[in-house]
Amino acid sequence: MRFHRILAIAGTAFALASVSACGSLPSAGSPQEAGDFLKSTLSCESIDIASPREVQQVEAMGMTGINGGGECQDPAGDDGDPDFLTIEDMEAFQTAVKGDEDEQDDLMIGDDFAVDPSSDDQRRQLLKAGLLFLNCTSDFKAPSGHTAEEGAVEGCSTTDYSEDLD
């Protein structure tokens, strides 16, 4: 199983998480359903679900509130394999994420799962499918023409804007 990136998410994914107050974000319910969402959205060849041991490794690296994850293998466009985590406690997860501000606006969230896309094309496809970026920059305000809603933890928001997306 190629799970190297999901372990890297423990560092990078401290840039992930949240929940929409209105509940309008896509919901997965399980790692398999999150994988199916990515397979449908990004045309992945297959989904590699993380083993319980791999999930425990991510938790041991400080990521709380998760209950699964995996990797979307060989998506269309050959842009790299995005990883995902499924979340059982968004507030705990977002609290863990808030401490690391690296690359937060590159990671995307649904109602109960988070995705680490590998390219701008994947980010655009996921945005079109209803996922949003998580931004925990303390004074973040979305530019005109973009939206931002409060996250589950003060200082974080979900938004359709990423300054890194060209």
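Taking every residue in region 102-113 that is modelled with pLDDT of 80 or more and pairing it with any residue that is acidic (Asp, Glu) and crowded, with 24+ Cβ neighbours inside 10 Å, at least 6 positions away or on another chain, the pairs with Cβ-Cβ distances below 7 Å are Leu107/Asp116. Restricting attention to region 107-152 and to residues that are in a loop (DSSP other than H, G, I, E, B) and among the polar types (S, T, N, Q), the residue that is most open to solvent (accessible area, probe 1.4 Å) turns out to be Ser144.
Can Ala15 be described as buried (at least 20 other Cβ atoms within 10 Å of the Cβ), modelled with pLDDT of 95 or more and of a type in the set (A, V, I, L, M)? So Ala15 does not fit the description; no. As for region 55-69, it holds no residue that is in contact with a Gly (Cβ under 9 Å, 6 or more places away or on another chain), open to solvent by 50 Å² or more (accessible area, probe 1.4 Å) and at pLDDT 95 or above.
The values are calculated or read from the model by the stated rules, or taken from the named source; none is laboratory data. Given the structure is predicted, the values throughout are model-derived calculations rather than measurements. Cβ coordinates were reconstructed from backbone atoms using ideal geometry, including for glycine residues, and neighbour counts include every protein chain displayed. To get the accessible areas, we keep the full protein, side chains included, count just its heavy atoms, and leave off ligands, DNA and RNA. Shrake-Rupley method; radii C 1.70, N 1.55, O 1.52, S 1.80 Å.
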